[in-house]
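Everything below concerns the one structure shown next.
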Amino acid sequence: MAPDRGAAGRLNRLCPDRYCPLGVTEIDPGDLVRLGIRAVLLDVDNTLVGWQREDVPDAVVQWVASLKAAGLRLYLVSNTRFPRRLARLAARLDVPYVRKAAKPRRAGFLEALADLQVEPSEAVMVGDQILTDILGGNRVGMRTILVAPMAGREFVGTKLTRMAEAVVLVWLRRTGRL
Ligand SMILES: [Mg+2]
């Protein structure tokens with residue numbers, strides 16, 4: 001993680017270490033282990049399931065199992081306003097979760113890392129939103145992986161955020177950061 005050098009440093013905090021246009025199943029557990037990663041923090045909506053949905057696709061269920069089989073520790077870090085649904089998803093995937101993440105604030109990420117007893121440098125945040133998942137993960141010094149959002153209906157506020165993110169993605173590509 002580069003030190004913050006004013007505006008440029010803050011912009012770099014929007015830059016993921018990797019972008020996966022096909023979603024989380026592109027991420028190979030072995031690659032993470034080889035990078036020294038011990039813990040994977042996961043966004044939920046549009047990363048593991050469609051927005052407000054509870055049906056985790058089979059491919060994602062298998063991917064989660066493959067991470068566990070590789071010895072990686074998992075944690076859900078979601079900004080959802082539906083805590084009961086989050087609890088059910090966490091139970092179904094058998095993965096612990098942060099109750100009030102408030103990404104991109106640091107507290108939720110730090111709570112997950114403390115519970116797992118893992119340093120930020122040994123963890124990666126995986127999510128579909130630059131302004132919450134990637135910014136937050138970078139702020140605590142974790143690696144970050146941006147995934148393309150799962151298709152479907154979503155929160156109107158998220159749609160506005162996506163417009164801002166589209167601008168950021170173009171900038172990251174033009175400046176060779178992605
Ligand atoms: Mg999301």
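Data table
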{"item": "Residue count, region 4-25 (criterion: within 16 Å of the ligand (Cβ to nearest atom) and either more than 27 Å from residue 59 (Cα to Cα) or open to solvent by less than 60 Å² (accessible area, probe 1.4 Å) (or both))", "result": "5"}
{"item": "Selection within region 32-52 - among the charged types (D, E, K, R), at pLDDT 95 or above and open to solvent by less than 60 Å² (accessible area, probe 1.4 Å)", "result": "43"}
{"item": "Helices (runs of 4 or more DSSP H) within region 81-178 that include 1 or more residues under 22 Å from residue 68 (Cα atoms), hydrophobic (A, V, I, L, M, F, W, C) and open to solvent by less than 70 Å² (accessible area, probe 1.4 Å)", "result": "83-93, 106-116"}
{"item": "Members of region 3-38 that are charged (D, E, K, R) and free of Cβ contacts under 8 Å to residues at least 12 places away in the same chain", "result": "4, 5, 10, 28, 31, 34"}
{"item": "Residue in region 77-86 that is among the hydrophobic types (A, V, I, L, M, F, W, C), within 14 Å of the ligand (Cβ to nearest atom) and at pLDDT 95 or above present", "result": "yes"}
{"item": "Pair list, Cβ < 6 Å and 6+ apart or interchain, from region 133-151 residues that are in contact (Cβ under 8 Å) with a residue 12 or more places away in the chain and more than 13 Å from the ligand (Cβ to nearest atom) to residues that are part of a helix (DSSP H, G or I) and open to solvent by 30 Å² or more (accessible area, probe 1.4 Å)", "result": "139/106; 140/106; 140/120; 141/120; 142/120"}
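The values are calculated or read from the model by the stated rules, or taken from the named source; none is laboratory data. Here the structure is a predicted model, which is why all the values come from computation and not from measurement. Backbone-built Cβ (ideal geometry, glycine too); neighbour counts: all protein chains shown. Side chains included, ligands, DNA and RNA excluded: accessible areas come from the protein's heavy atoms. Shrake-Rupley method; radii C 1.70, N 1.55, O 1.52, S 1.80 Å.
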